[in-house]
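Data block below; observations after.
The values are calculated or read from the model by the stated rules, or taken from the named source; none is laboratory data. Model, not experiment: these values are computed from the prediction. Neighbour counts run over all protein chains shown; Cβ positions are idealised from the backbone, glycine included. Calculation scope for accessible area: heavy atoms of the full protein, side chains included, ligands and nucleic acids excluded. Shrake-Rupley method; radii C 1.70, N 1.55, O 1.52, S 1.80 Å.
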Amino acid sequence: MRNFFFAAAVPSPGRNAPAALTEKIDLVLGIGAWAGTAAGVAGVLVTGGMMAISVKRGESSEHMSRLGMVLGGCVLVATAGPLVTFVFA
């Protein structure tokens with residue numbers, strides 16, 4: 001095994017981003033989280049409406065699988081922040 005000698009110390013940059021950048025990123029992530037939550041609520045409402053219309057018409061349809069996918073997306077949006085914090089913190 002070789003020993004390496006450097007002429008200068010190897011830099012070790014910190015993990016702190018500029019305050020202006022973190023404010024903008026927090027704003028974008030907040031808007032994204034809000035939009036994901038709104039999309040989830042809209043998806044549940046639309047799926048519920050489609051289920052009600054198909055029951056009234058006497059049609060059988062696979063709305064439960066669609067509702068499951070919408071609820072799975074809601075769970076993914078709700079747990080995205082804590083998952084990223086757990087992995088990268």
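What the chain shows is 88 Å² of accessible area per residue, with the surface traced by a 1.4 Å probe over protein heavy atoms. Only Cα pairs under 8 Å and 6+ residues apart enter the sum, and on that basis the relative contact order of the stretch 12-78 stands at 39 percent. Axis angle, to the nearest 10 degrees, between helix 19-57 and the longest C-alpha principal axis of the chain: 20 degrees. Once the Cβ-Cβ distance of Met50 and Ala80 is raised to the sixth power relative to R0 = 25 Å, the FRET efficiency obtained is 0.40.
Look at [x] 69; [y] 51; [z] 54: the one that is percent of Cα pairs over 17 Å apart derived from this structure is [x]. With the highest mean first, a sort of the peptides 46-57, 11-22 on other beta-carbon atoms found within 10 angstrom per residue produces 46-57, 11-22. The label-point distance for Met69 and Leu29, in a model that sets each label 7 Å from Cα toward Cβ, rounds to 2.9 nm.
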